[in-house]
1. Hey, does the range 368-382 have a residue that's in contact with a helix residue (DSSP H, G or I) (Cβ under 6 Å, 6 or more places away or on another chain) and charged (D, E, K, R)?
2. Which ones in the range 168-222 are among the acidic types (Asp, Glu) and in contact (Cβ under 8 Å) with a residue 12 or more places away in the chain?
3. Right, Asp102: closer than 28 Å to Ile50 by Cβ, of a type in the set (D, E, K, R) and crowded, with 21+ Cβ neighbours inside 10 Å or not?
4. Looking at the range 190-205, which of its residues are in contact with an Asp or Glu (Cβ under 9 Å, 6 or more places away or on another chain) and in a strand (DSSP E or B)?
5. Does the range 61-72 include one or more residues that are in contact with a Phe, Trp or Tyr (Cβ under 7 Å, 6 or more places away or on another chain), at pLDDT 95 or above, more than 14 Å from Leu133 (Cβ to Cβ) and surrounded by 24 or more Cβ atoms within 10 Å (Cβ to Cβ)?
6. With a cut-off of at least 1 residues that are among the polar types (S, T, N, Q), name the helices (runs of 4 or more DSSP H) lying wholly within the range 377-483.
7. Look at Ala44 and say whether it is part of a loop (DSSP other than H, G, I, E, B), of a type outside the set (D, E, K, R) and over 21 Å from Gly243 (Cα atoms).
8. Can you tell me which residues in the range 311-325 are closer than 13 Å to Asp409 by Cα and either exposed (fewer than 15 other Cβ atoms within 10 Å of the Cβ) or not polar (S, T, N, Q) (or both)?
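The values are calculated or read from the model by the stated rules, or taken from the named source; none is laboratory data. This is a predicted model, so every value here is computed, not measured. With ideal geometry, Cβ positions are generated from the backbone for all residues, glycine too; neighbour counts draw on all protein chains shown.
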Amino acid sequence: MAFPEADHDLPIGTGATGVRIETDAMGEIEVPADRYWGAQTQRALQHFAIGDDRMPAGLYRAYGIVKQAAAHVNAEAGRLDPNLAAAIVHACEEVAEGSLDDEFPLYVWQSGSGTQSNMNVNEVVANRASQLLAGGLGRDRIVHPNDHVNMAQSTNDTFPTAMHVATLMEVRDTTLPQLLALAAAIGDRARRWHDVVKIGRTHLQDATPLTVGQEWSGWEAQLTAAAARLEQSLEAVCELAAGGTAVGTGINAPDGFGEAVAAKLAELTGLPLVTAPNKFAALGSLDGMVAVSAGLRGGAIALMKVANDMRWLSSGPRAGLHELRLPENEPGSSIMPGKVNPTQQEAAVMVALQVIGEDSVVAAAGAQGNFELNTMRPIVIDNVLHSARILGDACNQLRVHSVEGIELDREAVAAYVDRSLMLVTALTPLIGYDKAAAIAHKADHEGSTLREAALALGVDPADFDRIVDPSTMVGDPKRDLGL
């Protein structure tokens, strides 16, 4: 599609001051002259001024791609004038790359279908495209937001389409890479410390030994599995509602429009996008978004477990476990000099709690579909994109500013192994559970070593020294870590 040669380098900006008059079905309204948005956006700014929560930029950038794809399809089918389509495509590219982010000021709290945000995009694209074609803005524009930019579309099918595209791009580009990078960094340390024997803990109490590498390999596996489940959940948002228009029947859209838009979007984004086989489900439900949110929650739960384990293991340095030495990133206290706190771990836990909470909102919103439309879409996309972003960022920060600099306090690790009473477990096959328990209780009550208590209760010294060897109690660390 050839863009008209004249004005194709026209810089963004109206260059105007004051106000201009825009018109919609409700009549005239004044709009700031330096803005590309129009009447419906201006009305929404007045009618939905609730809090400070703005619709996320990621949604609008995805919307730019959706409108771009629709313009291509409409032009190629001969329904949209090629010059108008080319100008629309150019304006949509500017939206998609973020050059027009300031033109999307609306609040999350609006019509549950997202009508105001769809019209915000339509108006901005129409005015910018008109400008590119040497036309005016507002009532003087030559590109119409509904007739041209929104051709063969409805909010009810384009908003969920943009939601899916935005979610796929955010999770693909931010969340999954950072979640997997954190898992890989943890795996590197698991292999580095594969043979360092430490005491295990269950119920926060001493248990039998394992190696540091085995413990860290569990964290790596948990995060990797969470990433795999999150990636699998994305399949649910690869199906697009475009082509369903108002209620799923496709009224005012030509046959094959949904398939053509999905194919063009797949081409533009590199994502495996297809048209939804049932547009009534695509418009009436939010099940795909609920699935992705649950996948994000799974990643948050894994992250919280890992971060909390690190907090416990780094506690101290003199009155805690202190098996781990965390990097000294910043002063830990405003009153206690020299204090080092697990700040990255604490931030990660807070992010995980936020993601879990936002997933609860998404799940509740997903259950609010009524008849042919779920009208909880703005709150869902806001929560999902926010969760995806902060989860990815938290994984990145934890990796860069903590995991990659963590070291072992080997003396503390060894001391816990030497003092552990649960090494007596290895004697159980030889002397039985009850006698082994008596040895453990005797050593604990008297403050003696496990060996002293065992010998006092009749265990042969040679048997004790042969059997109670922590290095033989950890299984095969090399096998467990694939070494």
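1. yes
2. Glu170, Asp195, Asp206, Glu215, Glu220
3. On the way: closer than 28 Å to Ile50 by Cβ: yes; of a type in the set (D, E, K, R): yes; crowded, with 21+ Cβ neighbours inside 10 Å: no.
So Asp102 fails the test.
4. Lys198, Ile199, Gly200
5. Residues of the range 61-72 that are in contact with a Phe, Trp or Tyr (Cβ under 7 Å, 6 or more places away or on another chain), as a first pass: none.
Checking the range 61-72: not a single residue is in contact with a Phe, Trp or Tyr (Cβ under 7 Å, 6 or more places away or on another chain), at pLDDT 95 or above, more than 14 Å from Leu133 (Cβ to Cβ) and surrounded by 24 or more Cβ atoms within 10 Å (Cβ to Cβ).
6. Details: elements: 377-401, 410-419, 428-431, 433-446, 450-456, 461-467, 477-480.
Once the helices (runs of 4 or more DSSP H) in the range 377-483 are filtered for at least 1 residues that are among the polar types (S, T, N, Q), what remains is 377-401, 428-431.
7. Values: part of a loop (DSSP other than H, G, I, E, B): no; of a type outside the set (D, E, K, R): yes; over 21 Å from Gly243 (Cα atoms): yes.
No.
8. First pass over the range 311-325, keeping only residues closer than 13 Å to Asp409 by Cα: 313-318, 320-325.
Once the filter is applied, which keeps residues that are closer than 13 Å to Asp409 by Cα and either exposed (fewer than 15 other Cβ atoms within 10 Å of the Cβ) or not polar (S, T, N, Q) (or both), the range 311-325 yields Leu313, Ser315, Gly316, Pro317, Arg318, Gly320, Leu321, His322, Glu323, Leu324, Arg325.
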